[in-house]
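> If you scroll down you'll find the structure; I have some questions about it.
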Amino acid sequence: MSKTLRTYEEINEKIAKGQVVVVTAEEVIDLVREKGIERVAREVDVVTTGTFGIMCSSGAFLNIGHTKPRMKIHEAYLNGVMAYAGLAAVDLYIGATQPAKDDPLNKVHPGEFRYGGGHVIEDLVAGRDVLLEAYAYGTDCYPRKKLVTWINIRDLNEAYLFNPRNAYQNYNVAVNPSDKTLYTYLGVLLPRMGNAGYSSAGQLSPLLNDPFYRVIGIGTRIFLGGGIGYVVWQGTQHNPSVARNERGIPKGGAGTLAVIGDLKGMSPKWIQGVSIRGYGCSLALGLGVPIPILDEETLYYCSVSDEEILAPVVDYSHAYPHGTGEVLGYVSYAELRSGIIKIQGKEVPTAPMSSYSKAREVALTLKQWIQEGKFTLTKPVAPLPGVESGVRFKNLVERPVETSVLVGR
Amino acid sequence: MNGNGKKIVLRFPQEVADRPIVCELALRFGLQFNILRASISPHREGIMVMEVIGSREKQEEGLAFLASRGVLVEPLSQDIRMIEERCYHCGACVGLCPTGALFMERPSFLVRYDPGKCIACELCVLGCPARAMEALI
Ligand code: SF4
Ligand code: SF4
């Protein structure tokens, strides 16, 4: 452990006085190269990170308010997209990847998935009216059985994003060595390795700047969808035990964050429904985390650059769908960002699914908020499970089900 | 691709859609052509995207002839449009575009579209998750 240079309280005091020094995770790289860790650690209080990309495992809780007569909603649709109603009476959860109920899906492959949960969330954030259709079986205390109405975010009691898994710490690079085009969540993959899909902000990405979760934890206040949010838990599939390089950077998908934030404070500029051809609907989202430079070690980790972050290249025609774990090789984000990578001697154009320019804008916006005193830092109330936790992502082990159990199902 | 090839979109109103006009480009003007896409139904408007290869004069004469027969001739680039408000500059389309019509500007990392280089293959329309690339055909 290196010597503590400043505390959260001291940083927040400087924010209040307008004296805080903030740089982005991109700006800090050259700064450290120029001046060295020791000096920059003394000068810089906060480094801001950012990412903007498609984040599956996102969704929003909505409370629509009670109807007269009362209704305990059993089944609900928002602009034709099913929302989960099995919570209480008028609480709904709209998941980002839920397609519209009349979507032809992949019946004509590759399906278009024009509208889904992510688009509903975008429409809500943009302040557009959304059609709610709801059904119930009726009870003595909740007699109403049917409801059709327009709703608008301004009238909802609560509307908050609650994303079980965002901000993946590193991820695969997808290629397709087969002879036919593949339609995946990492984009359209052209045959014979015609392109390579990837999705990470690399040197700007939150968890790649704090690889061992030393400062990002439960309770960390963040930029989420253009508004304010919080880290509430480790994300689902959080996998700190992935092999790491000498800088602590995982060699594949590792840590993740579960985040929450008020949808009412968000902006459609930072939260947008997406349609991934042949795959499904989802949500593209901007997320940024401030990193307090508590000591030199914190700064060392967030001075990581794209050259030092490697991602595994995976065959999405075979190794990924069949879960073989096979890796074709590793490439750096600097190579990916250049537009061309070399795989097995072949030059392959890269096709990013996440936006570097928007990731940069998230980090710059967060920097500005902190400088202007609009955003202060919070100290985590509990850490995320780290390498020492032994937490490991498991695959499902299927168990045979006896015929007697299956009868009548 | 041939240096003197010109990519055009032909629209055939109902009255001319069922007449063999396009082959006249070869017969009368000695032009070669590659049909890139076509959808013509006998009773509705038809659309054809083609590359016309030949000298500039012959191209102009050929296209003027088509126009005189009621065919609407437009340069191809009008048909794939980028809806800028929806584009979030990921670059998924850049890795798909075969001609460099879509490219990543550096160091801004903003994605730009040069309609002049577009051959309307529609790969970007397939690959854009934001549905920011639109085919107007
Ligand atoms: S794929 Fe779509 S959103 Fe991404 S850069 Fe291209 S046009 Fe923009
Ligand atoms: S239609 Fe094809 S050539 Fe035109 S911009 Fe899109 S990918 Fe490029």
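The values are calculated or read from the model by the stated rules, or taken from the named source; none is laboratory data. If you're wondering where the values come from, they're calculated on a predicted model, not measured in any experiment. Backbone-built Cβ (ideal geometry, glycine too); neighbour counts: all protein chains shown. What goes into the accessible areas is simple: the full protein's heavy atoms, side chains included, and nothing from ligands, DNA or RNA. Shrake-Rupley method; radii C 1.70, N 1.55, O 1.52, S 1.80 Å.
> Averaged per residue, what accessible surface does chain B expose to a 1.4 Å probe, in Å²?
Here the per-residue accessible area is 51 Å².
> Treating the Cα atoms of region B:81-135 as identical point scatterers in vacuum, please give the log10 of the normalised Debye intensity I(q)/I(0) at q = 0.14, 0.25, 0.28 Å⁻¹, two decimals.
Result of the Debye calculation: -0.29, -0.97, -1.24.
> Just flag the trypsin sites (Lys or Arg not before Pro) in region A:47-119 sitting in loop per DSSP whose Cβ has no more than 13 other Cβ atoms within 10 Å.
Within region A:47-119, the qualifying trypsin sites (Lys or Arg not before Pro) (loop, at most 13 other Cβ atoms within 10 Å) are A:Lys101, A:Lys107.
> How many partner chain Cβ atoms sit within 10 Å of a residue's Cβ in peptide B:82-90, on average, as a whole number?
5
> Of the listed pairs A:Lys3/A:Lys367; A:Lys35/A:Lys367; A:Lys3/A:Lys379, which have alpha-carbon separations greater than 27 Å here?
Checking Cα-Cα distances, every pair stays at or under 27 Å.
> Which positions within region B:92-114 get 50 Å² or more of their accessible surface covered by the other protein chains, compared to the chain by itself, with a 1.4 angstrom probe?
Flagged in region B:92-114: B:Gly95, B:Leu96, B:Phe109.
> Report the Cα centroid-to-centroid distance between region A:277-292 and region B:72-137 in angstrom, as an integer.
The two parts, judged by their Cα centres, are 22 Å apart.
> Also: Where a Cα-Cα gap under 28 Å defines reach, which lysines qualify for A:Lys101, not counting those fewer than 8 residues away within the same chain?
A:Lys68, A:Lys72, A:Lys145, A:Lys146, A:Lys264, A:Lys269
> Averaged over B:120-130, how many beta carbons belonging to a partner chain fall within 10 Å of each residue's beta carbon?
Mean number of neighbouring Cβ atoms from other chains: 5.
> To the nearest 10 square angstrom, what accessible area does A:Asp30 show with a 1.4 Å probe?
Its accessible surface works out to 90 Å², give or take rounding.
> Then there is this: Keeping all protein chains in place and using 1.4 angstrom, which order do A:Val108, A:Val148, A:Val313 fall into by accessible surface area, from largest down?
Solvent-accessible surface, decreasing: A:Val108, A:Val148, A:Val313.
> Leaving ligands, DNA and RNA out of it, work out the accessible area of A:Ser267 with a 1.4 Å probe and give it in Å² to the nearest 10.
For A:Ser267, the solvent-accessible surface is approximately 40 Å².
> Let me ask something else about it. Scanning chain B for trypsin sites (Lys or Arg not before Pro) in DSSP loops with at most 16 other Cβ atoms within 10 Å, what's the longest stretch left with none?
B:87-137
> OK, next. Normalised by the residues of chain B, what does the relative contact order come to in percent, with Cα pairs under 8 Å and at least six apart?
It rounds to 24 percent for chain B.
> What percentage of the solvent-accessible surface of chain A, computed with a 1.4 Å probe over protein heavy atoms, is contributed by carbon and sulfur atoms?
Whole-percent figure for carbon plus sulfur exposure: 52.
> Using DSSP to define loop residues, name the chymotrypsin sites (Phe, Trp or Tyr not before Pro) in region A:266-304 whose beta-carbon has at most 12 other beta-carbon atoms within 10 Å.
Qualifying residues, ordered by number: none.
> For peptide A:175-188, how many partner chain Cβ atoms fall within 10 Å of a residue's Cβ, on average?
That works out to 2 on average.
> Based solely on its DSSP helices, what 222 nm [θ] is calculated for chain A when runs of n ≥ 4 H residues each add -39,500 (n - 2.57) and the sum is averaged over all residues, nearest 500 deg cm²/dmol?
Theoretical 222 nm ellipticity from helices: -4500 deg cm²/dmol.
> To the nearest 10 degrees, how steep is helix B:56-68 against the longest Cα principal axis of chain B, on a 0 to 90 scale?
For helix B:56-68, the angle is close to 70 degrees.
> Please report the buried accessible area for the interface of A with B, total over both chains, probe 1.4 Å, in Å² to the nearest 100.
What A and B bury together is about 2000 Å².
> Could I ask something else about it? About its Cα centre, what dipole magnitude does chain A give when the only charges are +1 on Lys and Arg Cβ and -1 on Asp and Glu Cβ, stated in debye to the nearest 20?
Once rounded to the nearest 20, the dipole reads 760 debye.
> Please name which of A:Pro250, B:Cys118, A:Pro321 has its Cα lying farthest along the dipole of the protein assembly as shown towards the positive end, using unit charges on Cβ (Lys, Arg +1; Asp, Glu -1) and the Cα centre as origin.
A:Pro321
> To continue, here is another question. Can you list the DSSP H helices in chain A whose Cα atoms extend at least 20 Å along the helix axis and whose mean Kyte-Doolittle hydropathy is -1.0 or higher?
Counting only whole DSSP H runs, the qualifying helices are A:356-371.
> Further question on the same structure: Sequence-distant or interchain residues sharing an amide H contact under 5 Å with A:Val331, placed H: which?
A:Ala311, A:Val313
> Let me ask something else. Ignoring the sites themselves, what is the longest stretch of chain A with no GluC sites (Glu not before Pro) in a DSSP loop and at most 15 other beta-carbon atoms within 10 Å?
In short, A:1-245.
> Hey, what do the phi angles of region A:273-278 turn into as Karplus ³J(HN,Hα) couplings, whole Hz, using 6.51/-1.76/1.60 and θ = phi - 60°, x for Gly and Pro?
Along region A:273-278, the couplings run x, 10, 10, 9, 3, x Hz.
> Here's something else I'd like to know. Distances over 39 Å make up what percent of all Cα-Cα pairs in the protein assembly as shown?
Beyond 39 Å sits 37 percent of the P(r) for the protein assembly as shown.
> Looking at the protein assembly as shown, which Cys residues are left with no other cysteine's beta carbon under 4.7 Å from theirs?
A:Cys56, A:Cys141, A:Cys281, A:Cys302, B:Cys23, B:Cys87, B:Cys90, B:Cys97, B:Cys118, B:Cys121, B:Cys128
> How much accessible area per residue does region A:264-329 have, in Å², with a 1.4 Å probe?
31 Å²
> Binned at 10 Å from 0, what are the whole-percent values of the Cα-Cα distance distribution for region B:4-78, short to long?
Result returned by the calculation: 21, 59, 19, 1.
> With a 1.4 Å probe and all protein chains kept in place, how do A:Thr67, B:Thr99, A:Thr48 rank by accessible area, largest first?
Listed by decreasing accessible area, they come as B:Thr99, A:Thr67, A:Thr48.
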